[in-house]
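Below is one structure, written out as structure tokens; comments come after it.
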Amino acid sequence: MPKSSTVFLKTVVYLMGLLIFVLSIFLIPQFINNISDGPSMVKWVIYPIIIGFLLTTIPYYMALYQALRLLKLIDKNDAFSESAVFTLKKIKQYALIITGIYIVMMPFIYIFAEKDDAPGAIIIGFVPMFASFVIAVFASVLQKILKNALDIKTENDLTV
């Protein structure tokens, strides 16, 4: 596989990182300023949501780094290796951590939606939770397939 085959995917990974960086650095502080003018009942609910969102950026960036590592392995024609299996395992773990953080945040999102009369906020809270869970399941399936392929490859190398 030529090295240029993963350029598009690497660009997408960098853009995903840039998007969350912009949200974290520019929009969250602006959101906090707007909330500070609101009623105090909403404040105690919003701050755990914001902290949860900012906490999810840590495993998110770690998963993006692992995705870049996987793309580098593909570039080096080393996709069928223990390193690739380990990388998929890490991506799965980080996605499950993000899912867990959002599960902890959901009661606060629910309270915010009730107080602010915004039922759409609950759906917005479920989207990243389910998306990260789907990514974890997909990474787990790929990890298992890759591990089986690696075992078959190793077995074939030993029999020849």
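Structure notes:
- In the range 80-125, residue surrounded by the most Cβ atoms within 10 Å (Cβ to Cβ) [restricted to those that are without any contact (Cβ under 8 Å) to a residue 40 or more places away in the chain and not in a helix (DSSP H, G or I)]: A118
- I152 vs. criteria modelled with pLDDT of 90 or more and part of a helix (DSSP H, G or I): no
- Residues in the range 126-146 that are surrounded by 16 or more Cβ atoms within 10 Å (Cβ to Cβ) and of a type outside the set (S, T, Y): P128, M129, F133, I135, A136, A139, L142, Q143, L146.
The values are calculated or read from the model by the stated rules, or taken from the named source; none is laboratory data. Only a predicted model underlies this, so the values are computations on that prediction, with no experimental measurement involved. Note: ideal-geometry Cβ built from the backbone for every residue, glycine included; neighbour counts use all protein chains shown.
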